[in-house]
1. For the stretch 1-112, give the percent of accessible area contributed by carbon and sulfur heavy atoms, probe 1.4 Å, rounded to a whole number.
2. Defining a contact as two alpha carbons under 8 Å apart and six or more residues distant in sequence, what relative contact order in percent does the stretch 1-112 show?
3. Note down the magnitude of the dipole of the stretch 61-190 about its Cα centre, charges +1 on Lys and Arg C-beta and -1 on Asp and Glu C-beta and zero elsewhere, to the nearest 20 debye.
4. When N counts the residues of the stretch 1-103, how does its alpha-carbon radius of gyration compare numerically with 2.2 N^0.38 Å, as a ratio?
5. Is there a quick way to get the dipole size of the stretch 19-90? I mean about its Cα centre, with the Cβ of Lys and Arg at +1 and of Asp and Glu at -1; what is the value in debye to the nearest 20?
6. Can you tell me the length gained on complete extension of the stretch Leu33 to Ala54, counting 0.36 nm per residue apart and subtracting the Cα distance?
7. Show log10 I(q)/I(0) for the chain at q = 0.17, 0.18 Å⁻¹, two decimals, from a solvent-free Debye sum over equal Cα scatterers.
8. List residues of the stretch 3-25, by number, whose backbone nitrogen lies under 19 Å from a label position 7 Å along Cα→C-beta of Gln69.
Amino acid sequence: MQTIGLVGGMSWESSAAYYEALNRGVEERLGGLHSAATVMASVDFATVTELQEAEDWDGVAVILRSAAQSVERAGADFLMLCTTTFHRVAEQVQDAVSIPLLHLGDVVAEACKAEGVENVALLGTKFAMSRTFFTDRIASHGLGVLVPDAAHHDELNRIIYDELVHGKVVDDSRRAVVGMISELWDAGAGGVILGCSELELLIRQADSEIPVFPCTTLHVAAALDRALG
């Protein structure tokens, strides 16, 4: 079993979901008392969020590069960023370590292609939806990528940061997001990416008429494939 390196804390709810899913996945695949071999460096979400809001991406990169290097020194065989938004500096993080980074965008794009989806919608933070660093990575695999109308961005951001990162799951918010998915379906999306770990607390396949691609679940499955060979 390879050792999985995790850079987390963005948010800790997301990191906890990654840790639990990795260990449950190893137990399911290997049985007995097996659990995942992991190393995690967890950063302060408030600090990196303040830097993000100030557009200080060099500052974000310094923190995440240092975290990734500590994970590598601790013996990780490959690296995961337990976040979507902060994949904005994924290339800078990769350049700081000698172990491979399992990029979330690549994992999700391959999952969409495997389901025969040609056009996919991305739900995530306002930053991830309004910038192109993540959608471009997905599009580089030959997929069309849609995002909700800009009028929905603040509401989705509020649901993520005011509710889900604190573990609050609100039915009215679920209905609002399902409505966004329906609009995207009408606009031509053949599937929807839950591009924020916390959204998996809110939306399930049963809530959507089109295929749902949960980023954390897919990222974890790809990591387990690599770690267990």
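1. Details: 2280 of 4860 Å².
On the stretch 1-112, the fraction of accessible area on carbon and sulfur atoms equals 47 percent.
2. Numbers: 158 pairs, mean separation 37.3, N = 112.
Relative contact order here is 33 percent.
3. Details: 11 positive and 18 negative charges, 73 e Å.
Using Cβ point charges on Lys, Arg, Asp and Glu, the stretch 61-190 gives about 360 debye.
4. Numbers: Rg = 13.9 Å, N = 103, 2.2 N^0.38 = 12.8 Å.
In units of the globular-protein estimate, the stretch 1-103 measures up at 1.08.
5. Values: 5 positive and 11 negative charges, 67 e Å.
So the dipole magnitude of the stretch 19-90 works out to roughly 320 debye.
6. Details: separation 21, 0.36 × 21 = 7.56 nm, distance 4.55 nm.
Full extension from Leu33 to Ala54 adds 3.0 nm.
7. So the normalised log intensities work out to -1.28, -1.42.
8. Only 5-8 fall inside the zone, counting backbone N under 19 Å.
The values are calculated or read from the model by the stated rules, or taken from the named source; none is laboratory data. Small disclaimer: the values here were computed from a predicted structure and weren't measured. All Cβ positions, glycine included, derive from the backbone under ideal geometry; neighbour counts span all protein chains shown. For the accessible areas, the whole protein counts, side chains as well, though only heavy atoms, and no ligand, DNA or RNA atoms are used. Shrake-Rupley method; radii C 1.70, N 1.55, O 1.52, S 1.80 Å.
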